Structures are given as C-alpha cells and as structure tokens.
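Inspection log for the structure reproduced underneath, given as structure tokens.
The numbers here are math on the coordinates, done by the rules we state, and not lab data. Since we're looking at a predicted model, the values are computed, not measured. Cβ: placed from backbone, ideal geometry, glycine included. Neighbour counts: every protein chain shown.
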Amino acid sequence: MNNIFVLPTGFGWAFIIMSLCLFLLGTNYQNNLMVLLSYILLSVMLLTLFYTHQNFARLAVKSTPLAPFHCHQSGTFYLAVVQQDMPGGKDNLSNDSGSKDTQSKQCRGHIVASWFGHKTHYPFILGAKDNGNAQNGDSQNTMQRLPIPITHRTRGVYTLPRLTLACDFPLGLYKCWTHLDFSAEVVVYAKPLKGEVIKVPASNDESEQNPSNAATSSQSSSDFHSLTDYKEGQPLNRVVWKQVAKSGDWVVKEFADPVQLKQLLSVDANVETETAISLLTFQVLEQSQQGNHFGLKYQSIDIEPSSGETHTHQCLTALACLRNTSSPFENHGYINRTGNNAQGASHAIKTSLAKKTKTMSKAAGS
C-alpha cells in the first residue's frame with residue numbers, strides 16, 4: 001500500500017477542539033494545570049498520528065483468485081493481509097533478540113472494507129503468538145485471510161472494482177485508508193433453470209461407417225467390467241457405497257466400453273435468450289455432474305463435445321458472455337459480443353475495460 005491517507009475522525013476533531021479549549025481557558029484564567037493538561041492531550045494526539053500510520057503502513061494486502069459463481073448468488077473474495085517489515089526497521093533481527101521486539105510491533109485493529117457500496121468490519125491482529133497453532137510451524141501469526149462477500153445480479157465477465165481499506169487503531173482519533181485496484185476478473189455464470197433442452201447426438205465417424213458396431217457398443221456400455229480406485233472429479237453415481245461403508249476404500253465401477261454417448265445441447269430459437277441461457281446452464285451443470293460428454297450449439301456458441309472441469313467452465317463462460325439480442329438493455333463493456341469461448345470472452349472484456357481504466361486513473365490523478 002503506497003498511497004495512504006490520514007485524517008482525524010469525528011472523535012479526533014472533538015479531541016483537538018477540547019484540547020484547544022482547555023489551552024484557552026488555562027491561559028485566560030492563568031491555570032497552569034489546565035495548560036499542562038492541554039499539552040498532554042495534544043502530545044497524545046501527535047503520537048497517535050504516527051502510531052496509526054505505522055500500524056497501517058506495515059500491512060501488505062494480497063488478493064487471491066476469485067472462483068466463478070452464479071448471478072443472484074454470493075461468491076467470496078479472499079484478501080490475505082500480511083505483516084511486512086518497515087523500511088529501516090529492526091524486524092529482521094535474529095531470533096535471539098527475539099520475541100519481545102516482534103511482540104512490541106504487532107499490527108492490530110479493525111479493517112473496514114468498502115466493497116460494492118457495503119462496509120464490512122474485520123478485526124485483525126498480526127505478530128501475536130499463536131501458541132504453536134500457526135501453520136508451517138510459525139510461532140507467530142503473520143497472515144490473516146479476510147473473506148469479502150461479492151454478489152452480482154447479471155451474468156458476464158467483470159473486473160473487480162476498487163476496494164477501500166481503512167483502520168482507526170489504536171484510539172480512533174485518526175483514520176488511515178487506502179484504495180486498492182485489482183486487475184483480476186471474475187466470471188458470473190447465468191442463473192440455472194431446470195427444464196427441457198434439445199439434445200442432438202454428436203456425429204461419430206465410427207458409428208456413421210458401421211452402425212451395428214455403434215449399437216453393440218451402446219449396449220455393452222452398461223456391462224460391468226471392474227472396480228478401480230476413486231479419483232477426484234469422477235461422478236459420484238459410480239461410487240460403490242457399500243464398499244465405502246465396509247472398508248472405507250473409495251472405489252468406482254468401470255464398464256466394458258469406454259465410449260460414451262456424445263451429444264450437443266441446444267434450445268429452440270423461439271425461446272427467449274435469457275431463458276435459453278438459464279436452461280442450458282442447468283443442463284451443463286447436470287451433464288458435468290454425471291460425467292457425460294456434451295457440447296453446446298446455440299446462436300454464436302459452437303463448442304465440441306468433451307468433459308471435465310475445464311470444458312464445463314468454458315461452456316458456462318460462453319453462456320455467461322452471450323449477447324442478449326432479445327433485450328433492449330445491454331451491459332455494454334462487460335458482456336462479450338462473440339460468446340465463442342472463455343478465451344474470447346476474456347480478451348473482449350479486457351479490451352472494453354481498458355478505456356474505462358485509463359479514464360478512472362486520470363480522474364484519480366487529477
């Protein structure tokens with residue numbers, strides 16, 4: 001945090017005015033004790049100014065990748081608050097001079113995070129002894145993760161807005177704050193809606209050349225073959241739960257024919273765009289959960305059948321960035337115009353937001 005702003009709070013201004021009033025009364029009535037008290041209060045005010053700035057300046061904030069979430073639902077953006085050494089400080093001394101020096105340089109207080117117009121308070125204390133409970137064997141807690149909720153009502157790819165962090169520790173006389181701009185993007189998936197969609201079997205070269213072999217393979221796909229160890233990402237409907245209950249070993253059923261039915265998901269052209277996107281989003285999630293091979297073919301989206309988390313994210317991102325041609329209200333600068341794949345969506349969003357970022361930076365600099 002390079003740019004830190006410091007100003008007295010409302011309580012701080014009242015404290016200053018009270019100190020000045022005591023000074024005026026003491027000089028007017030020649031009361032040395034009252035003048036001494038005003039000096040002490042002003043000294044506390046000045047010392048608090050430096051301590052508040054030092055406590056806040058020794059914080060380093062790191063952002064973590066934000067996982068995609070569906071609109072009308074909440075996601076969580078984690079900020080890692082780390083205690084860093086001050087330039088020219090003595091924080092890098094050997095362990096022999098030890099814990100007393102670090103203990104006296106703790107960072108603590110309440111961080112106020114302003115995000116999407118909402119303010120959230122997070123208490124933090126860094127540099128305190130953790131009684132051996134800290135991770136990686138550290139005896140002191142030097143990092144704390146702050147969960148910041150994020151919600152959005154429309155689908156698309158968005159850049160994270162400016163985040164304001166503030167702290168008024170220790171006495172609440174001064175408020176330190178800074179503005180953080182993140183270049184990260186978040187994908188907001190469409191809201192899933194249960195319903196029927198068009199499922200078209202994808203073309204298969206082998207099945208087109210020899211339909212009898214395709215029929216035989218489709219029948220043999222239901223024949224049990226063997227048990228294998230469970231791997232993360234495999235569908236749960238193939239897990240042998242009796243084996244899990246008896247021995248605790250996670251095994252899944254394997255079938256004789258590894259060839260799976262590949263199909264393309266689509267929606268009738270008469271269905272409203274937003275409704276169609278919600279229906280396809282639900283089907284993508286359902287097909288992915290079942291481990292099926294599926295693709296998308298709707299308007300400008302044409303994704304070949306595949307499976308896996310990467311393919312699911314690609315399909316959901318393409319649906320989230322698809323332009324709503326049936327609605328007169330469009331989120332210009334955020335929703336991608338092509339909607340072909342996740343890479344194209346990200347590139348289009350970065351291009352459209354570059355001008356806005358430059359405008360905001362010029363306004364902030366002026």
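Within the set of other residues whose C-beta is less than 12 Å from the C-beta of residue 169, count the net charge using Lys and Arg as +1 and Asp and Glu as -1.
Surrounding charge for residue 169 is +2.
Name the long-range amide H neighbours of residue 108: under 5 Å, sequence gap of 5 or more, or other chain; modelled H, no Pro or chain starts.
So residue 108 has HN proximity to 126.
Net charge near residue 7: determine it from the other residues with C-beta under 11 Å of the C-beta of residue 7, scoring Lys and Arg +1 and Asp and Glu -1.
Numbers: positive: 175; negative: 168.
Counting the neighbours of residue 7, the net charge comes to 0.
Work out how much length residue 286 to residue 323 would gain on full extension: take 0.36 nm times their residue separation and subtract the Cα-Cα distance, in nm to one decimal. Before the final figure, lay out the partial values.
On the way: separation 37, 0.36 × 37 = 13.32 nm, distance 2.34 nm.
Roughly 11.0 nm would be gained on extension.
Based on the mean of other Cβ atoms within 10 Å per residue, sort peptides 69-77, 233-241 so the most packed one is first.
So the peptides 69-77, 233-241, ranked by packing, come out 69-77, 233-241.
Output the peptides 32-44, 179-191, 308-320, 56-68 sorted from most to least packed, where packing is the average of other Cβ atoms within 10 Å over each peptide's residues.
On the way: 32-44: 14.2, 179-191: 17.5, 308-320: 19.8, 56-68: 15.9.
Those peptides, ordered most packed to least, come out 308-320, 179-191, 56-68, 32-44.
For residue 182, enumerate residues with amide H under 5 Å from its amide H, sequence gap 5+ or separate chain, H modeled in the peptide plane.
When sequence neighbours closer than 5 places are left aside, the close amide H contacts are 163.
Along segment 181-189, what does the Karplus equation 6.51 cos²θ - 1.76 cosθ + 1.60 (θ = phi - 60°) give for ³J(HN,Hα), rounded to whole Hz, x for Gly and Pro?
10, 10, 8, 6, 10, 10, 9, 9, 5
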